[in-house]
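Chemist: Here it is, the structure, as structure tokens.
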Amino acid sequence: MAGDGEKEEEWVWVRPPSTADADWWGGGSDPDPDPSRPLKVVFTGPAKYWTDAAPIGNGSLGAMVFGGVASETLMLNHDTLWTGIPGDYTNPQSPDVLSKVRKLVDDGKYSEASKVAFDLSGHPSEVYQPLGNINLEFGDSHVEYVSYERELDLNTATAKVKYTVGDVEFTREHFSSNPHQVLVTKISANKSGSLSFVVWLDSKLHYGLSVSGANRIVMEGSCPGDRMAPRENLGESPKGIQFSAVLDLQIGDAGVVQVVDGKKLKVEGSDWAVLLLAAASSFEGPFKKPSDSTKKPTEISLNTLNSIKKMSFIQLFSYHLDDYQSLFNRVSLQLSKGSSNTTEERATLGHDRIQVNALGQHKTEGLKSVNTDHFSLATDDALVSTAERVKSFKIDEDPSMVELLFHYGRYLLISCSRPGTQISNLQGIWNKDTEPAWDAAPHLNINLPMNYWPSLTCNLSECQEPLFDFIGSLAVNGSKTAKVNYETSGWVAHQVTDIWAKTSPDRGDPVWALWPMGGAWLCIHLWDHYTFSMDKSFLENTAYPLLKGCASFLLDWLIEGRGGYLETNPSTSPEHYFIGPDGKKSSVSYSSTMDIAIIKEIFLSVLSSAEVLERTNSDFIGRIKKTLTRLPPTKIARDGTILEWAQDFEDPEVHHRHVSHLFGLFPGHTITLEKSPDLCKAVDNSLYKRGDLGPGWSTTWKTALWAHLHNSEHAYRLVKHLFDLVDPEHESDYEGGLYSNLFTAHPPFQIDANFGFTAAIAEMLVQSTMQDLYLLPALPRDKWREGSVRGLKARGGVTVNISWKEGALQEARLFSKNHSSLIKLHYNGAVAEINLSHGNIYTFNRFLKCLKISPQSEAATYP
């Protein structure tokens, strides 16, 4: 580790914008970008609970930074650490059970069908496991401290801690580098020779420790080979995933390092220290047993560390910053209550930030630098935590908190889902328990799809790649499940999955377990990715084969039903019971509204894909066209709401958390205000009937639904509802809400609502189809009277910049890098048909008049 002791090396240079950048960013008519806007989660003390800690991650390697003083813990995670081995996701007895269930449903015996359907359930998913901890002990001298500050800086993806002991100021900086696949920590003191501490690793899993040389700790361990707690006789369990974590310690010229107890490293009298942690596992894909893996985790980790042994902290940070900001800086959002209080609001938040435009470039007034040592949390000699700001939101409705939570979702997605990593699970990649809530397993009936909602609209399409890789794995296992369990072609996946690409039903009640639409919902992301990217190669080589396999299953799953329609039988509405005609609680019937809505989306996506790929003349496409005409329509119940099941059953839980029957409006596309106003009115009634209460993910889904009804008032009401500070000691008393680190609560913590919130805010500002683009469709004009958003994406490969004042559109700029299109531009009831030629920036006023067309000569090099 070279040169970290030199103060002048603690700078990262960023280039000034080009003329083309400035033109795209906006001229004098745009609101001036505010350099003082904070994008920091601020804490006034060390974390007491896990949900007080700051999450960092590089897609696969994550940590929760607690910020303790006398002792510090970094709880570590690696996205490939799961219990179990590849499974058999078939049940040869299922066809017989399926016949019995279908007969009972046909006879109207829904409660009996629900009981028999238990025999269609399978085994539970495997369980996501924690990697371990980096433990730091600074001794009794650090018990008394002052001037404590802790923050998570979203602009730099860095967690920082600062405090003073006596006359010495200590600083810690943490980030997880994607380019170099290491977790990096720098600890420094402003007085020479003042830094002393002990560091070691441990884990809740089976592990062993050794010290290599004078400055390296090696931890090797294993995950359980099954989901049960480890037995005393490990020979009874299959060999699980093996892992390794290697910690490398570097210090300045001053100070010494000693080995303690053969497992710990002790630093004394140093100026600074840098800790580098690399981790790897034996996981070699969902189809290979850990016992057959040829991967050597320790060797991989050592090679990772050896590859950067000549790099300084600042070099690592520079690469990290460039990589992270190339994604994060694509989008900016500024919201304000109005010009009268803008200056005052922003003055209370004075944190430094480099502005960047929607093309991912820094906006500066010349060559500017970032000092990585300096950070200031205090404003007006006071430190206001993000938790306090969440608590006060119900009163002050601070728009900058909406900005912060919006960007926090983007930060988390970048930090837990990158090309080559695993999918974001129920908790992203962050987990402290060997038995986490709901196994931290991806749930396909809302969690996993919602995790990736912001990826397209919020300009992070690369972060979707793990999802597409995973769908490919599901298709392999799901084809076996479809063939054996249901005697169909194609492939299927159900309600829950894991790293082994489980596709069979979950264990337990069919109200959640029996839901063969999970793979189909995920496949909607495939077509959406094409519509945003216009990447024909992706459509042909990745999306269409998976869509076709999914559609093949659905064609076979549909059977002749009542009234000449085709139906799904058995069918459930996720996790929601109904009262059957016999007065008994039931879950299984036929043709739930969500089933049919998802099937319609898949069939329409396949037809659209076939048109693009010029494959419309086939028996397969002909069969889909014919089948579409025989699907039952979406129905309206007697009370004016969307019918959730095929019949107007009694609902024993009208405020149920799921809003599955409203899928067609969002994230589906088959219900729209223009084409189906009567159904939209029924959606409106359904949302009122369901109510606003619910877990975090339910709140954000409802926010997006209200946005698609263009009801800005109710969409904002749900935004405000999420800002409820959850007390970890009494979290069961809450529905939804936010923890002090801005993790969203079910409770307990589920990450889906973080992503759902970000997506919902984007939907309030921009909505699109392949033919239409809506500007500010659900802007709460009285709450965010002034503002701007830059870098959001619309279908057709269009990048959108918008600014508004006094609640009205001021200016919109549209740009497409590679694709020309004819679209209808909508704003406040006005419609303009426009022709967008790729490579040009189009500027429109509030009347949708095109004021300017200018070439973006450098656009081809940017997202």
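Chemist: By the scheme Lys and Arg +1, Asp and Glu -1, what is the net charge of all other residues having a beta-carbon under 10 Å from that of L104?
Modeler: Charge balance near L104 sits at +2.
Chemist: Given a 1.4 Å probe and heavy atoms of the protein chains only, how would you sort K793, K626, largest accessible area at the top?
Modeler: K626, K793
Chemist: Dipole of segment 635-794, Cα-centred, from +1 at each Lys and Arg C-beta and -1 at each Asp and Glu C-beta, to the nearest 20 debye?
Modeler: In debye, rounded to 20, segment 635-794 gives about 700.
Chemist: Positive end of the dipole of the chain, charges at C-beta (+1 Lys, Arg; -1 Asp, Glu), about the Cα centre: which of A715, S605, F197 has its Cα farthest in that direction?
Modeler: S605
Chemist: In addition: What ranking, highest mean first, results for peptides 559-569, 124-134 when packing means the other Cβ atoms within 10 Å averaged over each residue?
Modeler: Highest mean packing first, the order is 124-134, 559-569.
Chemist: Under 19 Å Cα-Cα from K295, which aspartates and glutamates qualify once same-chain neighbours fewer than 8 residues away are excluded?
Modeler: Answer for K295, where 19 Å is the Cα cut-off: D79, E220, E284, listed by chain and number.
Chemist: Still on this structure, please answer the following. Which entry is the computed Cα Rg over 2.2 N^0.38 Å for this structure: (i) 1.27; (ii) 0.95; (iii) 1.38?
Modeler: Only one listed value fits the structure, namely (ii).
Chemist: Can you give the accessible area of D727 in Å² (nearest 10), computed on protein heavy atoms with a 1.4 Å probe?
Modeler: 50 Å²
Chemist: What ranking of Y49, Y544 comes out by heavy-atom accessible area, probe 1.4 Å, highest first?
Modeler: Solvent-accessible surface, decreasing: Y49, Y544.
Chemist: Separate question: Please compute the contact order of segment 388-498 in relative form: average sequence separation of alpha-carbon pairs under 8 Å and at least six residues apart, divided by the residue count, as a percent.
Modeler: Over segment 388-498, the number comes to 25 percent.
Chemist: On to the next question. On the accessible surface of the chain, probed at 1.4 Å, how many percent belong to carbon and sulfur atoms?
Modeler: The nonpolar share, carbon plus sulfur, comes to 48 percent.
Chemist: Taking 18 Å as the cut-off for C-alpha to C-alpha distance, list the pairs among K186/K266; K160/K263; K109/K635 that go past it.
Modeler: K160/K263; K109/K635
Chemist: Below 8 Å, C-alpha to C-alpha, sequence gap of six or more: please give me the relative contact order for segment 591-747 in percent.
Modeler: 19 percent
Chemist: Per the helix-only calculation at 222 nm, which mean residue ellipticity applies to the chain, given -39500 (n - 2.57) for every DSSP H run of n ≥ 4 and division by its residues, nearest 500 deg cm²/dmol?
Modeler: -8500 deg cm²/dmol
Chemist: Using +1 on the beta carbon of Lys and Arg, -1 on that of Asp and Glu, and nothing else charged, what's the dipole of segment 120-161 about the Cα centre, debye to 20?
Modeler: For segment 120-161, the charge dipole is close to 200 debye.
Chemist: Determine the per residue accessible area of the chain with all protein chains present and a 1.4 angstrom probe, expressed in square angstrom.
Modeler: Accessible area per residue: 35 Å².
Chemist: So how much accessible area does F538 have, in Å² to the nearest 10, using a 1.4 Å probe?
Modeler: 30 Å²
Chemist: Moving on. To the nearest 10 square angstrom, how much accessible area does R790 have with a 1.4 angstrom probe?
Modeler: 10 Å²
Chemist: Using a simple spin-label model with points 7 Å from Cα along the Cα→Cβ vector, what separation in nm is obtained for N685 and E611?
Modeler: It works out to 3.2 nm between the two label points.
Chemist: Next question, about the same structure. Could you tell me which of the pairs K264/K432; K115/K689; K40/K162 are separated by over 18 angstrom between their Cα atoms in the structure shown?
Modeler: From the list (K264/K432; K115/K689; K40/K162), the Cα-Cα distance tops 18 Å for K264/K432; K115/K689.
Chemist: Now, a different point. What dipole magnitude, in Debye to the nearest 20, does the chain give about its Cα centre under +1 on Lys/Arg Cβ and -1 on Asp/Glu Cβ?
Modeler: So the magnitude is around 2060 debye.
Chemist: Lys/Arg Cβ at +1, Asp/Glu Cβ at -1, dipole of the chain taken about the Cα centre: which of H746, T51, M219 is farthest positive-ward?
Modeler: Looking along the dipole axis, the top candidate is H746.
Chemist: Hey, for a label at E650 modelled as a point 7 Å past Cα toward Cβ, could you say which residues of segment 557-586 have their backbone N under 16 Å away?
Modeler: 577-586
Chemist: Using only the heavy atoms of the protein chains and a 1.4 Å probe, how would F847, F663 rank by accessible area, largest first?
Modeler: The ordering from most to least exposed comes out as F847, F663.
Chemist: Just want to confirm a number: the relative contact order over the chain, from Cα pairs under 8 angstrom separated by 6+ residues, in percent.
Modeler: Relative contact order, the chain: 14 percent.
The values are calculated or read from the model by the stated rules, or taken from the named source; none is laboratory data. This one's a predicted model, so the numbers in the text were calculated from it and none came from an experiment. Heads up, the Cβs are rebuilt from the backbone with ideal geometry, glycines too, and the neighbour counts pull from every protein chain shown. Calculation scope for accessible area: heavy atoms of the full protein, side chains included, ligands and nucleic acids excluded. Shrake-Rupley method; radii C 1.70, N 1.55, O 1.52, S 1.80 Å.
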